[in-house]
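The values are calculated or read from the model by the stated rules, or taken from the named source; none is laboratory data. Because the structure is predicted, anything quoted here is derived from the model rather than measured. Please note: Cβ atoms are built from the backbone with ideal geometry, for glycine as well, and neighbour counts cover all protein chains shown.
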Amino acid sequence: MKVRNLILLSVALFSAAFAQAATVDTLSVWSASMNKGVEVVVVVPDGARTKTGPAYPVLYLLHGYSGYAANWLQVKPELVQLAERDSVIVVCPDGKNSWYWDSPVDPSMRYETFVSQELLRDIDARYHTRADRSGRAITGLSMGGHGAMWLSLRHKDRFGAAGSTSGGLDIRPFPDNWEMKKALGEKADNPKRWDDYAAINQIDSIANGDLALIIDCGYGDFFAEVNRNFHDKLMERGIDHDYIVRPGVHDGLYWNNSIDYQWLFFKKFFDRGR
């Protein structure tokens, strides 16, 4: 083949590769339970906007404390390319500093209801999703890691797989941190409530095989111990899961790396359900 033809072929292949690319939608999703619109960033592979062809699995990605809907795209800009390559819709809601609970003291904070019900319905209506638990996974960082475990353990009928990276999987050692008492009240006054709202104490609600689970945390992370405890409790209950500990602290560099491993885990889960 002549050099000129090789160049033309290369240009054609390059153009074809970028003719189909995931795009990013910024939505306002109405929450009837909170009587407001919630900002949601969605990475949409080409083809997921029409109700034809194979349906697309959805990965829900939750941000951490002081984060916002677009946070994950800043931590991992490559999510756009990953979503297109592997045909996965990525959904990133703004959870404020809610810890993804329905607060027992603040009726305006209903983020468990929003993510597990209202958001799922909206995303399934808008896009060509695989609208069952075999096509839904949820994970997050820090506060979002707690949220992902809290929501998946309580709603295993809706999510088939879940993860946490650097997650605050047991809130009780941190009663004065990250505005949790705004949602739960003071721990000293409400010890049972703090027990009930810790993700680690939801493990008893599942049996082995109910969820595909992956958790990871850096050695130098202040959440390292609660992650080990979460892993130990899963082991005691005989619940299979992936548990990864690697060098790192509680920062974007760690999460940029860790999400690659979780992405592979969820991709394998989605492929099994096709």
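Could you give me the residue pairs with C-beta distances under 9 Å whose first residue belongs to the range 30-41 and is over 13 Å from ASP122 (Cβ atoms) and among the hydrophobic types (A, V, I, L, M, F, W, C), whose second residue is at pLDDT below 95 and not in a strand (DSSP E or B) wherever it lies, and which are 6+ apart or on separate chains? Pairs found: MET34/PRO107; MET34/SER108.
Where residues in the range 38-47 are touching a helix residue (DSSP H, G or I) at 6+ places or on another chain (Cβ under 9 Å) and at pLDDT 95 or above, which of them is nearest to ASN97 (Cα to Cα)?
Across the range 38-47, the extreme among qualifying residues is VAL38.
Filtering ILE244, ILE259, ILE239 for residues that are assigned to a loop (DSSP other than H, G, I, E, B) and among the aliphatic types (A, V, I, L, M) leaves a single hit, ILE239.
Residue by residue, here is whether (1) among the basic types (Lys, Arg); (2) under 30 Å from LYS51 (Cα atoms); (3) surrounded by fewer than 23 Cβ atoms within 10 Å (Cβ to Cβ) holds:
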{"site": "ARG133", "(1), (2), (3)": "yes, yes, yes"}
{"site": "GLY144", "(1), (2), (3)": "no, no, no"}
{"site": "SER152", "(1), (2), (3)": "no, yes, no"}
{"site": "LYS181", "(1), (2), (3)": "yes, no, yes"}
{"site": "LYS187", "(1), (2), (3)": "yes, no, yes"}
{"site": "PRO191", "(1), (2), (3)": "no, no, yes"}
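Need a quick list: helices (runs of 4 or more DSSP H) entirely within the range 115-202 having at least 1 residues that are modelled with pLDDT of 95 or more, more than 26 Å from GLY273 (Cα to Cα) and within 17 Å of the chain's Cα centre (by Cα).
Correct list: 143-154.
Among the residues of the range 155-187, the ones that are of a type outside the set (A, V, I, L, M) and either closer than 14 Å to ILE203 by Cβ or free of Cβ contacts under 8 Å to residues at least 12 places away in the same chain (or both) come to 9 in all. Could you tell me whether TYR254 is touching an Asp or Glu at 6+ places or on another chain (Cβ under 8 Å), of a type outside the set (Gly, Ala, Ser) and outside any helix (DSSP H, G or I)? The answer is no for TYR254. So which residues in the range 203-221 are part of a helix (DSSP H, G or I) and surrounded by fewer than 12 Cβ atoms within 10 Å (Cβ to Cβ), if there are any at all? Answer for the range 203-221, where residues must be part of a helix (DSSP H, G or I) and surrounded by fewer than 12 Cβ atoms within 10 Å (Cβ to Cβ): ASP204, SER205. Annotation: of all residues in the range 87-108 being crowded, with 23+ Cβ neighbours inside 10 Å and aliphatic (A, V, I, L, M), the one that is nearest to GLU39 (Cα to Cα) is VAL91. Selection within the range 1-34: residues that are at pLDDT 95 or above and of a type in the set (A, V, I, L, M). The member of this set that is surrounded by the most Cβ atoms within 10 Å (Cβ to Cβ) is VAL29. For the range 222-238, filtering for residues that are surrounded by fewer than 13 Cβ atoms within 10 Å (Cβ to Cβ), small (Gly, Ala, Ser) and either within 14 Å of HIS146 (Cα to Cα) or in contact with a strand residue (DSSP E or B) (Cβ under 9 Å, 6 or more places away or on another chain) (or both) leaves 0.
Given the condition surrounded by 15 or more Cβ atoms within 10 Å (Cβ to Cβ), on the phi > 0 side of the Ramachandran plot, among the small types (Gly, Ala, Ser) and out of contact with any strand residue (DSSP E or B) (no Cβ under 7 Å at 6 or more places or on another chain), answer yes or no: does some residue in the range 247-266 qualify? No, there is no match, as no residue in the range 247-266 is surrounded by 15 or more Cβ atoms within 10 Å (Cβ to Cβ), on the phi > 0 side of the Ramachandran plot, among the small types (Gly, Ala, Ser) and out of contact with any strand residue (DSSP E or B) (no Cβ under 7 Å at 6 or more places or on another chain).
Within the range 73-114, being touching a strand residue (DSSP E or B) at 6+ places or on another chain (Cβ under 6 Å) and among the β-branched types (Val, Ile, Thr) holds for VAL80, VAL88, ILE89, VAL90, VAL91, THR113. Of the candidates GLY47, GLY37, the single residue that is in a strand (DSSP E or B) and surrounded by fewer than 21 Cβ atoms within 10 Å (Cβ to Cβ) is GLY37.
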